[in-house]
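First up is the structure itself, then whatever we jot down about it.
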Amino acid sequence: MKKMLAAIILIFATLSVYAQSRQPVKDSDELDIAIREATSYLNERIPHGTKLAILSIRSDFTAFAEYIISELNANIVNDGFFSLGDRQQLDEIRTEQNFQLSGDVDDKSAQEIGKMLGAQTIITGMVSPLGSQWRIQIRALDVQTAQVRGQFNKNIATGETVAALTGKTFTKPAKTAGDKIGTGALNIIFGLGSYLEGDISGGITLTAGYALAAGLFVIEAAALDWDSPAVGVPATLGVTAAGLSLVYGFARPFIYNRSPRLAAVMDNTRTGIVLTSDKSGVGRNAGFQMTYTINF
């Protein structure tokens with residue numbers, strides 16, 4: 001029995017690690033990750049202590065450009081490797097030179113503005129649609145020599161954040177079989193995969209199943225004497241409950257993504273064993289009962 005329990009724990013741990021490795025990056029995080037990577041790239045390419053000025057990100061969507069500039073500013077300030085030009089002075093120059101955060105600034109004009117700000121390196125960029133993706137380009141230019149110190153390029157998907165910034169409609173991509181298997185494997189951790197997927201009912205069902213199995217194992221280990229005739233029964237039931245929860249945990253993402261309505265029907269269906277008796281009340285038999293709850 002101990003060897004069986006150890007094997008079950010080992011299988012759960014292995015599948016749990018696999019599940020976490022399969023979890024994809026959320027679509028809404030891709031833009032922030034790209035900006036973070038761009039900041040790290042600048043940290044490596046530009047000498048620390050340099051005074052920077054982030055001039056503009058060319059884009060057809062002002063909100064998109066402003067978001068990237070704001071996040072770049074925040075990352076640079078928090079990292080502490082560079083100093084930034086005065087924001088108020090930059091805004092005044094923008095007004096005088098009549099260019100926007102999302103506008104296009106040529107290298108010669110960018111150099112002149114950089115000199116006005118006392119900056120040593122200026123940052124410009126561009127965001128452009130590329131099919132169903134977006135191309136992000138961040139460029140660092142030396143103010144004195146006009147030498148390009150580095151250029152970061154990254155393609156990202158149209159996730160929730162990008163859709164909100166551009167006014168585009170975001171359609172969540174269909175999950176692949178691999179994604180569903182990853183969610184199922186993560187369900188080993190008390191239904192965590194379903195919770196993360198937004199399938200709360202499925203998560204609760206799996207949590208209850210694993211909690212029941214854990215309770216039965218505790219009863220087996222702590223509440224029964226070794227000479228009790230019931231020894232082995234709670235553990236057997238616990239293995240059964242854990243096994244059913246394991247199987248259902250892997251099946252649940254396929255059911256939920258295929259038909260949320262069918263999953264809802266399953267959530268409201270309960271089965272059980274009940275004792276029945278004849279009219280005399282003497283003869284008793286075990287019967288299978290299935291109930292369905294309708295919420296009004």
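The values are calculated or read from the model by the stated rules, or taken from the named source; none is laboratory data. From a predicted model like this one, the values you see are computed outputs, not experimental measurements. Every residue, glycine as well, gets a Cβ built from its backbone with ideal geometry; the counts of neighbours run over all protein chains shown.
Assorted remarks:
- When residues of the stretch 142-156 are limited to those that are surrounded by fewer than 16 Cβ atoms within 10 Å (Cβ to Cβ) and part of a strand (DSSP E or B), the one modelled with the lowest pLDDT: Val148
- Residues being surrounded by fewer than 20 Cβ atoms within 10 Å (Cβ to Cβ), at pLDDT 85 or above and within 33 Å of the chain's Cα centre (by Cα) - total across the stretch 85-130: 4
- Remark: pairs (first residue in the stretch 231-245, touching a residue at least 40 places away in the same chain (Cβ under 8 Å); second residue among the charged types (D, E, K, R); Cβ separation under 9 Å; 6+ apart in sequence or on different chains) = Gly232/Glu220; Ala235/Glu220.
- Checked against the criterion of being in contact with a Ser or Thr (Cβ under 7 Å, 6 or more places away or on another chain) and under 20 Å from Ser83 (Cα atoms), the stretch 163-172 contains not a single residue that satisfies it.
A quick yes/no check of all residues on (1) loosely packed, with under 14 Cβ neighbours inside 10 Å; (2) modelled with pLDDT of 85 or more; (3) in a helix (DSSP H, G or I); (4) under 29 Å from the mean Cα position of the chain (by Cα):
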site	(1), (2), (3), (4)
Ile188	no, yes, no, yes
Gly202	no, no, yes, yes
Thr207	no, yes, yes, yes
Leu216	no, no, yes, no
Ile219	no, no, yes, no
Ala222	yes, no, yes, no
Asp227	yes, no, no, no
Ala230	yes, no, no, no
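- Considering the stretch 38-84, and only residues there that are under 23 Å from Val127 (Cα atoms) and among the aromatic types (Phe, Trp, Tyr), the residue that is farthest from the chain's Cα centre (by Cα) turns out to be Phe61.
- Where Leu246 falls short, out of the listed (1) at pLDDT 85 or above; (2) closer than 30 Å to Trp134 by Cα: (2)
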